[in-house]
Structure formats: C-alpha cells, structure tokens
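Working notes, beginning with the structure itself.
Taken together, the values in this text are just the output of simple stated rules run on the coordinates, not laboratory data. Given the structure is predicted, the values throughout are model-derived calculations rather than measurements. Cβ sites come from the backbone with ideal geometry, for glycine too, and all protein chains shown count toward neighbours.
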Amino acid sequence: MTASNDPAEAIRLMRTCAHCGRQNDDGSRFCMDCGKPFSASAMAIADSAGAGGGSVPATRVQAGADPTGTGTCSACGHAVDATMPFCAFCGAKIEPGGAVATAAVPPCPKCGAAIANTDYKFCPNCAAPLAAAGPVPEHHAATQVFSAKATAPKVPVSLQVVAEDGTKGNKYSLVGEETTIGRVGADLTFPDDVYLSPIHALLIWKDGKLSVRDLGSRNGTWIFLEGPHKLVDGDMVLVGSQLLRFRRLGYPGPHPPEADATRRMGSLVPSADIASLAQLRADGSVRDVFHLSPGRDMAIGRDRGDWAFPYDQSMSGSHALVRSEDADFVLADNGSRNGVAVAARGDVVLRKASKILVGDKLMLVEMP
C-alpha cells in the first residue's frame with residue numbers, strides 16, 4: 001500500500017485518557033485500559049493538560065501502527081485490543097482470549113424490574129415499552145432508583161383510635177420518621193372527618209422520642225393532660241366541650257385621682273384580676289369570661305364548681321381545677337371521665353399511653 005502524501009492522512013490524533021494516561025484510538029468512547037468514558041469533561045481535562053503543559057500530553061502516532069493481539073468485542077462487535085481489559089467502544093470488560101464478560105440486560109427504565117430477554121418489547125412487570133438498545137455491559141447496568149419510603153426506618157409507634165365509650169378501634173402505624181395526619185393527602189388520612197384540616201398535624205420520631213406538631217390547622221391538635229400544666233398566655237384549653245382561652249392581664253396600676261377628688265364606685269373583688277379564661281364560640285367570639293386572681297383557686301364542672309356548664313353533657317360534675325401558685329396558674333384534671341386537653345404549641349413530646357385529639361379522632365399512643 002502506498003502511503004499518502006497528505007500529512008493529515010499520514011498521522012492520526014490519538015485520544016489520551018485523562019484518568020490513566022493511556023493512548024486510545026480517536027474513535028474510542030471508553031479507555032481500553034481503565035474503562036473510563038471519554039466524556040466531555042474528561043476530554044476537557046485531557047485537552048487542557050496537553051495545552052497547558054500538564055502531565056498527560058496529547059499524542060500523535062504515525063498511521064499504520066497496527067495493534068497487537070486483536071479480537072472482537074462480543075458486546076458491540078468492534079475490533080478490540082485483546083491485551084487490554086476493556087473495550088474502547090462500549091466499555092465492556094474483555095476476558096482473556098478477546099471475549100467480553102457476560103452482558104446484562106438493562107432493567108426496566110420505569111419500574112427497575114429485571115428483564116430476562118433482550119427480545120422483550122414491553123416490561124412484564126409494568127408494561128412500559130422497552131428500548132431496543134440490546135444488552136449493556138454488566139458494569140454499566142442501570143442504577144437502582146432510590147426510594148425514601150422503601151428505605152425509611154421502621155418506627156415502633158402506632159396510634160389507636162378510641163371511641164367515645166372507651167372501646168378501642170383501628171390501629172395505625174407510623175410510616176416513617178415523619179408522619180402527617182389529615183383529611184386529604186396526608187400519610188394517615190381520614191376523609192370523613194370534617195373537623196380535620198387537609199394536612200392537620202405532624203408526628204415526628206427522632207432519637208427514640210415521639211413528638212407532635214400542629215401544622216396550622218383550623219381546630220388545633222390537642223394533648224390530654226397527664227399531670228398538672230402551668231398555663232401560659234394564649235393557651236387553649238378543652239374542658240368537656242368547652243373551648244377556653246387563657247390570657248395574662250398583668251397587675252393593674254393605680255388610677256389617678258379625679259380632678260375634683262370624687263372617689264369612683266366599683267364592684268367589690270377579692271383581689272386584683274391578673275388573668276382570665278374566656279369561653280369561645282365556634283366563630284372565635286367570646287361568650288363568657290372568668291377572671292383569675294392570685295391566691296384564689298377555681299373549679300370548673302357541669303354542676304359543681306366556681307364556673308358551671310350545666311348544659312355540657314360531656315363535662316363531669318367537677319371536671320377541672322385551676323390553682324393559683326404565686327403569680328402563676330396551674331391547670332389540672334380533677335378525675336374527670338373525658339379528661340382535660342391543651343392545644344399543642346410547637347413540638348410536644350408524647351409518651352406511651354399519651355392521648356391526642358385531631359379533628360374528632362381521639363388517639364392513644366402505643367410505643368415501647
């Protein structure tokens with residue numbers, strides 16, 4: 001064969017692998033030594049190394065330099081250098097003798113199911129159409145899709161619905177470290193509960209502890225008292241079916257005397273009112289207010305106590321107590337049948353046998 005007089009045909013540009021420095025044929029898509037792909041970023045590294053005086057220079061090799069030990073890649077059919085570990089055209093691993101390692105059929109691109117035959121046109125698991133690309137080398141098989149739900153740690157917590165008569169109903173397990181409760185689109189969904197917001201509350205399992213957080217619901221998330229609770233300004237309290245709001249009023253300052261020195265008349269009270277409990281209607285308006293003063297305890301009940309609600313059949317005769325402790329007020333259940341609850345503010349830690357109310361669902365926490 002007569003050599004061409006054209007200098008451009010007399011030499012050919014070899015691709016230099018930016019990872020291992022191996023010279024490869026210009027048409028190679030994978031390095032035949034290390035198997036790395038000649039991606040755009042890899043080629044940019046190689047080009048910059050050659051242009052900037054790096055350690056991997058671009059190399060020109062005289063045409064006609066025949067490779068030794070040629071073979072045929074059984075994955076793509078190209079001629080390969082059998083002395084190299086990888087095919088330069090498809091990246092398949094070359095076994096001794098010029099054959100390549102057994103190729104794996106690519107999994108379904110939609111569901112990830114294994115495909116047993118390259119002739120399949122549709123996935124036998126989800127019926128998704130399969131690309132007719134043929135087998136791919138084993139080390140280039142598609143990566144399995146990560147699923148957060150599938151790998152979520154098992155949480156040893158469940159919620160059991162408790163009926164009005166105290167009987168236990170359905171039990172629901174937490175789906176992961178975070179579980180939402182709501183009417184629509186939540187992890188635990190109760191579509192028939194009209195008192196639930198679409199996404200109502202969040203249960204959080206972290207470091208072996210369970211807590212609940214209200215997500216700005218319309219009706220709140222309620223935690224039933226397991227012991228005395230010191231009231232803070234803005235607390236919402238549920239006693240029977242009565243929704244009460246606690247407010248701090250502070251100590252009133254002295255009134256300046258009238259200009260003509262006339263003394264004003266007023267109701268006789270035991271001491272200064274520094275806090276109040278307001279009875280709220282469904283629209284948020286106030287129906288009645290009970291004022292609290294230091295040194296004076298008060299009781300709430302259906303027919304006994306300082307504040308009575310004879311029309312509330314869900315309230316016990318003597319249901320709750322509000323005790324004055326210095327300048328603070330402490331709420332306690334007085335052995336009632338239905339308990340006393342406080343609306344969750346921020347993250348509230350729950351324990352075994354804690355009871356919460358979301359919408360009209362009373363739930364019992366079951367955990368180790």
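Quick notes on this one:
- Amide H partners (placed H, <5 Å) of ASN219, local residues excluded: SER197
- Amide H contacts for SER354 (H built 1.01 Å from N in the peptide plane; partners 5 or more residues away or on another chain; cut-off under 5 Å): VAL365.
- Cα→Cβ-extended label distance, 7 Å offset, between VAL162 and ASP360, nm: 1.9 nm
- Low-density loop cleavage sites - chymotrypsin sites (Phe, Trp or Tyr not before Pro) in segment 301-360, where at most 15 other Cβ are within 10 Å (DSSP): TYR311
- Placing a label point 7 Å from the Cα of LYS230 along the Cα-to-Cβ direction, the residues of segment 273-301 whose backbone N falls under 20 Å of that point are 274-277, 292-298.
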